[in-house]
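See below for the structure under consideration.
Nothing in this text is a laboratory measurement; each read-out follows from the coordinates by a stated rule. Just so you know, these numbers come straight off a predicted model, no measurement behind them.
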Amino acid sequence: MTPDAFRQRFPIFERKVFLNSCSKGALSQEVEKGYRDYLDSWRHEGSPWGDWVDKLEEVRSAFADFIGAAADEIAVSYSASTATASLLSALSFDGARNRILMKNIAYAGALTALLQIDMNIIKTLLEETFGDKKHLIDANMNAIELGFDFARENFECPLDLHVEAMQGTEGRIILDGNTAAALGCLYAGAAIGAWYPITPSTSLMDAFKAFCERYRVDPDTGEKNFVIIQSEDELAAIGMVVGAGWNGVRAFTPTSGPGRSPGCARPSPGVSFTARRYAPIASPSRTAPPCR
């Protein structure tokens, strides 16, 4: 199948440039037909579970054929989060797994050589990311150095296109939006952050936690004057925020596009509004221009 023939399966491409953002891709003719068939069966048959299970098995078999696997090696899940959690709970991160993870970071070392990036900056970023976890800093730095040395030995480094320090931000404070939002929550008096991890809002809670550990710990007693709760889902997170407000504590939750649908669009915000107990919701979006 040619790229043009594949594009013709997506009607929106005839009139728009569609950039996938936040879990929704362009709607293909096949997927639209699947939706219609599902709704028709629901309308005329009620809940024909047998037919739906047969369709599920067809999907399993088709995907197995596509990747050259047996059908019983394929698991179909309704939720990417549920499927990922199931996989992670069955994995060991010792030995070979660690080697795979280090291979994934070695490419950064190769880019450091090819683009002539200051290695000290890379090390600083690792220290900011892993904090006091020295074994993680050392392991990742070792992988980066392996990638760096490999690139220097096997490629012409640096490339004509490379990174050069320009000092264009000297005397300025550079702050990303999530860190600014976290700082705003701190200054606004938020003492509770409840959340369910989701890109791209995770760094907002990471920043809030870092600020709280610096500014919300009693210097005399070491007592922490903040609470950060990782909930089981977005619905629970917004419920915790509403509950905190009901008890006179300022709280907030960060989420993103998919999280707004199951969690923040449910009854809790309505209860918050009715009771005049504010429930701030931070909702960053992935960087992408809109359809045009």
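Summarising the amide proton neighbourhood of Y278: residues at separation of 5 or more, or on other chains, whose placed amide H is nearer than 5 Å comprise an empty set. Residue separation of E14 and A71 scaled by 0.36 nm, minus their Cα-Cα distance, works out to 16.9 nm of gained length.
Would you please classify the overall shape of the stretch 114-258 from the alpha carbon gyration tensor, given that a ≥ b ≥ c denote the square roots of the eigenvalues, rounded means a/c under 1.5, and beyond that prolate means a/b larger than b/c while oblate covers the rest?
Working: a/c = 2.30, a/b = 2.22, b/c = 1.04.
Prolate.
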